[in-house]
Structure formats: C-alpha cells, structure tokens
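Asker: Dumping the structure here so I can ask a few things about it.
The values are calculated or read from the model by the stated rules, or taken from the named source; none is laboratory data. Here the structure is a predicted model, which is why all the values come from computation and not from measurement. We place every Cβ from the backbone using ideal geometry, glycine too, and count neighbours over all the protein chains shown.
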Amino acid sequence: MLQTQILRESARNYLSTHIDLPVGKSDAIKIQEAVDIAGNWIQERTTFPMSVANADITWTRKEWLEFSIPGWQKLVEPLAEGMAGALAKVMTDMAGAGADEDGNIGLPEGLEGMPGLPAGMSFNVNAFLPMMRGFMGQLIANQLGQSIGALAVGVTGSNDVAVPLFEKSGIHMIPTNITAWAEGLDIPEQEVAIYLALREIAAERLFSHTPWLATYLQGLITAYGKGITVDVRAIQDQAQSAMDSGELDISNPQSISLAINQGMFQPEQSPAQSAALERLEMALALIEGWIDHITAISAQDRLPSLAQLTETHRRKRISASPTQQLFATLLGLEVSPRKMRECANFWNEIYSLGGGVNGGAEVRDHRWEDATLLPTASDLADPAAFLASTTVPDDLSGLI
C-alpha cells in the first residue's frame with residue numbers, strides 16, 4: 001500500500017537540492033583507518049563479535065538513501081495500513097447506515113452545506129475506499145520520503161539513525177556528512193572520524209546480533225496502527241473550524257494535504273496505542289543509550305576530545321534529529337533526551353555491577369537476547385534490583 005515509487009522520488013527530490021560529493025580515495029583511506037581503530041577499541045568492550053568486514057565501507061548520501069528505503073518502507077507500512085483500515089471502517093459503517101444497493105451515499109451529517117461542497121453531493125463507497133487507501137499511501141510515502149531525504153543529508157553512517165534498517169548488516173560511513181558534522185569544532189579530523197566510527201560500529205554490532213529487534217519495533221508500530229480510529233464527528237468539527245478560520249480550503253487539495261500533514265485530523269490515542277508507543281520509546285532509548293555507553297567506555301582515556309564530541313552529539317540529537325522528527329510526525333512519538341541519558345546510565349551501571357570489562361560486558365549484552373530481558377522504564381531507577389530479579393543463580397540448590 002505504501003507506494004515505493006512516490007517514496008523514492010520524494011526522497012530523491014529532497015536530496016537533489018543538496019550537494020552529494022563522490023567519495024575520494026583519501027577520504028576512503030582516512031575512514032578505513034578510523035574504522036580499524038574504533039573496531040579494535042570496541043572489541044575489548046562487548047561480547048558481540050566482529051561481523052564480516054564489508055568492502056564498500058564508505059557511502060555517498062545517495063547510496064545511504066537508496067539502500068535504506070526498503071527498510072523504512074517495511075518499518076512504516078503498518079502505519080499506512082492502520083490508517084487505511086480506520087478509513088475503511090468509517091466508510092463501511094456509513095454504507096451500512098444509508099447507502100443504496102449500488103453503494104451510493106450522501107455526505108455525512110455535518111458536512112452538508114460546507115463551503116466548497118455542492119448541495120446534494122454523494123459518492124460511491126465501493127469506489128471511494130480504494131481511492132482513500134491510495135491517497136493515504138501516497139500521503140505517508142511522500143512524508144516519509146522527505147524525512148529520508150533529510151536524514152541522508154545528516155547521517156554520518158548507515159546505522160546513525162539507531163534503528164535496524166538493513167537486511168544485511170555492515171559498517172558504512174558517509175565522508176561528506178562527517179565533514180559537515182565536524183564543522184566549527186576545533187577538533188582534529190581523525191578524532192571526529194574515530195568517534196563517529198565508534199557509534200557506527202557499536203550500532204552495527206548490536207543490530208547484527210539481535211535479529212529479533214527489527215521485527216519487535218515493527219510489531220509495536222503495527223500495534224499502534226491497528227488501534228487507529230477515525231472520529232467522524234471530531235473531524236467534522238475540526239474541518240469546520242479550520243475552514244471558518246481560513247486554514248483549510250476544501251476545494252484546494254494542497255490545503256487538505258497540508259492540514260493532514262500538520263496533524264489536523266490526527267485521532268486521539270487509545271490506551272493500547274499509548275502502551276505501544278511507550279514500549280517503542282523505551283526500545284529506541286535503550287538502543288541509543290547502549291550506543292552512547294559502548295562509545296564512552298571504548299573511547300575513555302583514548303580520545304582527548306571525547307567530552308566535547310559527546311556534548312556535540314547530544315546537542316545535535318536534541319536540536320536537529322530527523323529521526324526524532326520522523327517518529328514525532330508519523331506517530332506523535334518523541335524520545336526524550338532524558339530517557340536516553342537514563343538508559344545510558346542504566347547500561348553503565350549494569351556493566352559495573354557485572355564486574356566491568358569481562359563479566360560486566362557479558363551480563364550487559366545478555367539482556368539483548370530477547371525483548372523479555374530488557375528493562376522497563378521503572379527498572380531504570382534501580383539497575384541492581386533489576387539485575388537481581390532477572391539473573392538466574394549459578395547454584396540452584398537453595399531453591400529445592
């Protein structure tokens with residue numbers, strides 16, 4: 001339903017307004033050196049083994065865009081299906097309430113007499129449903145495509161969005177964006193590259209050894225999508241108010257599209273949807289927090305500018321994160337910086353409680369075996385209690 005061609009064209013059109021330089025030989029050599037150093041440092045700090053090295057370690061912006069689109073489409077498809085399903089239910093209910101044998105029905109009560117709608121106007125439900133499904137698919141595809149285009153201009157590596165998108169894992173850095181990321185920083189270029197390579201490798205290690213994670217995130221979006229409902233009366237009131245104020249011109253398709261994009265017709269969340277979004281926020285924060293934690297313990301006492309690099313990343317993530325904007329626009333979800341810091345602190349505590357470099361890494365990484373071993377928001381405040389409640393003792397004789 002989510003229309004791939006529109007999605008791809010929207011993303012390409014956005015990217016076409018920005019310069020995308022090819023990867024030069026010197027850039028490739030510098031990135032390879034940074035990745036080699038970062039990989040060695042991380043090897044000492046996680047039990048997740050190194051993946052098979054990929055040959056194309058550098059990507060252009062366009063390459064990241066093209067390779068990531070299938071993953072984004074798969075991740076967001078349930079949302080489009082949920083919105084279409086909600087519209088289908090409304091139309092079906094309307095048909096059952098007053099359509100003739102051919103499926104023709106007049107305008108719902110409340111819309112009759114609105115400016116721009118001819119008196120006595122009617123439509124065919126059977127023909128309207130596929131049209132609305134197509135419209136929602138186009139709308140979300142266009143919106144998602146622009147977000148992917150914006151991401152392509154800013155991400156520094158294939159896993160920089162901290163969401164598992166690729167069927168085949170790998171490490172890929174984007175030199176053009178790394179240079180832009182470092183602008184204005186009085187930090188040696190190689191330090192910046194190593195720092196960003198640490199984040200890329202940490203994410204790749206996590207994603208390549210948690211194949212269930214992508215399905216888990218998609219399942220939460222599916223749960224949200226299934227809960228979408230359309231309150232016809234609320235939409236009628238919103239539409240009437242918007243037309244009275246001049247914000248919406250029902251005779252202008254561009255005005256309608258803009259109103260939907262701005263959330264004018266966004267339904268209220270059900271308790272089930274709120275629960276799904278809470279679990280999704282927690283999962284995304286745990287991923288970001290784990291990457292922050294692994295990067296910090298791998299680079300400590302090694303990167304002189306680690307504190308400044310960490311602060312720069314934090315500010316960029318808060319002020320201009322297209323990933324955050326994407327989830328906020330499509331799902332109304334904003335992963336709070338505070339929650340990500342709490343998760344980074346949680347992983348640090350688990351690592352320390354487990355004994356540090358050897359035992360601590362094993363205890364910490366074991367939590368990623370499946371979703372049932374991950375903490376909830378309430379567990380973040382007391383890592384020791386969480387660890388005690390989820391760890392099976394080596395000696396089980398006391399339980400008999």
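Asker: Residue by residue through segment 9-48, note down the ones that are without any contact (Cβ under 8 Å) to a residue 40 or more places away in the chain and closer than 25 Å to residue 358 by Cβ.
Answerer: Residues satisfying the conditions are 36, 40, 43.
Asker: Output the qualifying pairs, or none if there are none: Cβ atoms under 8 angstrom, residues six or more apart or on different chains, first residue in segment 147-160 and more than 16 Å from residue 287 (Cβ to Cβ), second residue among the charged types (D, E, K, R) and outside any loop (DSSP other than H, G, I, E, B).
Answerer: 149/12; 152/61; 152/62; 153/61; 156/199; 156/200
Asker: Would you confirm whether any residue within segment 359-374 is touching a Phe, Trp or Tyr at 6+ places or on another chain (Cβ under 6 Å), closer than 28 Å to residue 227 by Cα and surrounded by 14 or more Cβ atoms within 10 Å (Cβ to Cβ)?
Answerer: yes
Asker: Would you check if there is a residue in segment 349-369 being in contact (Cβ under 8 Å) with a residue 60 or more places away in the chain, closer than 19 Å to residue 275 by Cα and part of a helix (DSSP H, G or I)?
Answerer: no
Asker: With respect to residue 326, is the statement that it is at pLDDT below 90 and in a helix (DSSP H, G or I) true?
Answerer: Numbers: at pLDDT below 90: yes; in a helix (DSSP H, G or I): yes.
So residue 326 passes the test.
Asker: Okay, next question. Can residue 234 be described as at pLDDT 95 or above and either among the basic types (Lys, Arg) or out of contact with any Ser or Thr (no Cβ under 8 Å at 6 or more places or on another chain) (or both)? Working first, answer last.
Answerer: On the way: at pLDDT 95 or above: no; either among the basic types (Lys, Arg) or out of contact with any Ser or Thr (no Cβ under 8 Å at 6 or more places or on another chain) (or both): yes.
No: the conditions fail for residue 234.
Asker: Still on this model: Restricting attention to segment 16-74, report how many residues are in contact with a Gly (Cβ under 9 Å, 6 or more places away or on another chain), surrounded by 17 or more Cβ atoms within 10 Å (Cβ to Cβ) and in a loop (DSSP other than H, G, I, E, B).
Answerer: Counting residues in segment 16-74 that are in contact with a Gly (Cβ under 9 Å, 6 or more places away or on another chain), surrounded by 17 or more Cβ atoms within 10 Å (Cβ to Cβ) and in a loop (DSSP other than H, G, I, E, B) gives 3.
Asker: If you go through segment 120-133 one residue at a time, do you hit one that is over 14 Å from the mean Cα position of the chain (by Cα) and modelled with pLDDT of 80 or more? Steps first, answer last, please.
Answerer: Of all residues in segment 120-133, those over 14 Å from the mean Cα position of the chain (by Cα) come to 120-133.
Filter once more, keeping what is modelled with pLDDT of 80 or more: none.
Within segment 120-133, none of the residues are over 14 Å from the mean Cα position of the chain (by Cα) and modelled with pLDDT of 80 or more.
Asker: Out of all the residues in segment 297-331, which are small (Gly, Ala, Ser) and crowded, with 19+ Cβ neighbours inside 10 Å? Break it down stepwise before answering.
Answerer: Residues of segment 297-331 small (Gly, Ala, Ser): 298-299, 305, 307, 319-321, 328.
The answer is 298, 299, 321.
Asker: If you don't mind, another one. Would you mention how many residues in segment 162-216 are of a type in the set (Asp, Glu) and in a loop (DSSP other than H, G, I, E, B)?
Answerer: The initial filter retains those residues of segment 162-216 that are of a type in the set (Asp, Glu), namely 167, 183, 186, 189, 191, 200, 204.
Okay, now just the ones that are also in a loop (DSSP other than H, G, I, E, B), so 167, 183, 186.
Going through segment 162-216 one residue at a time, the tally reaches 3.
Asker: Separate question: Report whether or not residue 219 is surrounded by fewer than 21 Cβ atoms within 10 Å (Cβ to Cβ), part of a loop (DSSP other than H, G, I, E, B) and without any contact (Cβ under 8 Å) to a residue 60 or more places away in the chain.
Answerer: Numbers: surrounded by fewer than 21 Cβ atoms within 10 Å (Cβ to Cβ): yes; part of a loop (DSSP other than H, G, I, E, B): no; without any contact (Cβ under 8 Å) to a residue 60 or more places away in the chain: yes.
Considered against the rule, which asks whether it is surrounded by fewer than 21 Cβ atoms within 10 Å (Cβ to Cβ), part of a loop (DSSP other than H, G, I, E, B) and without any contact (Cβ under 8 Å) to a residue 60 or more places away in the chain, residue 219 comes out as no.
Asker: On the given criteria, is residue 387 buried (at least 16 other Cβ atoms within 10 Å of the Cβ), over 22 Å from the mean Cα position of the chain (by Cα) and under 24 Å from residue 43 (Cβ atoms)? Outline the logic, then answer.
Answerer: Values: buried (at least 16 other Cβ atoms within 10 Å of the Cβ): yes; over 22 Å from the mean Cα position of the chain (by Cα): yes; under 24 Å from residue 43 (Cβ atoms): no.
Judged against the criteria, residue 387 is not a match.
Condition check ((1) over 14 Å from residue 285 (Cβ atoms); (2) at pLDDT 90 or above) across all residues:
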{"position": "339", "(1), (2)": "no, yes"}
{"position": "342", "(1), (2)": "no, yes"}
{"position": "352", "(1), (2)": "yes, yes"}
{"position": "357", "(1), (2)": "yes, no"}
{"position": "364", "(1), (2)": "yes, yes"}
{"position": "374", "(1), (2)": "no, yes"}
{"position": "384", "(1), (2)": "yes, yes"}
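Asker: Moving to a separate point now. Please determine, by comparing only the residues of segment 187-216 that are of a type in the set (Gly, Ala, Ser) and surrounded by fewer than 24 Cβ atoms within 10 Å (Cβ to Cβ), which one is nearest to residue 161 (Cα to Cα). Break it down stepwise before answering.
Answerer: Going residue by residue through segment 187-216, those that are of a type in the set (Gly, Ala, Ser) are 193, 197, 202-203, 208, 214.
In the following step, the residues that additionally are surrounded by fewer than 24 Cβ atoms within 10 Å (Cβ to Cβ) were identified as 208, 214.
Values: 208: 15, 214: 13 Å.
Checking each candidate, the answer is 214.
Asker: Evaluate segment 25-39: report whether one residue or more is hydroxyl-bearing (Ser, Thr, Tyr) and closer than 20 Å to residue 164 by Cα.
Answerer: Taking segment 25-39 as the starting set, the residues that turn out to be hydroxyl-bearing (Ser, Thr, Tyr) are 26.
From what is left, the residues that are closer than 20 Å to residue 164 by Cα are none.
No: zero hits.
Asker: Moving on to the next point. Name the single residue, out of those in segment 307-323 being under 13 Å from residue 156 (Cβ atoms) and among the polar types (S, T, N, Q), that is modelled with the highest pLDDT.
Answerer: Among those that are under 13 Å from residue 156 (Cβ atoms) and among the polar types (S, T, N, Q), it is 312.
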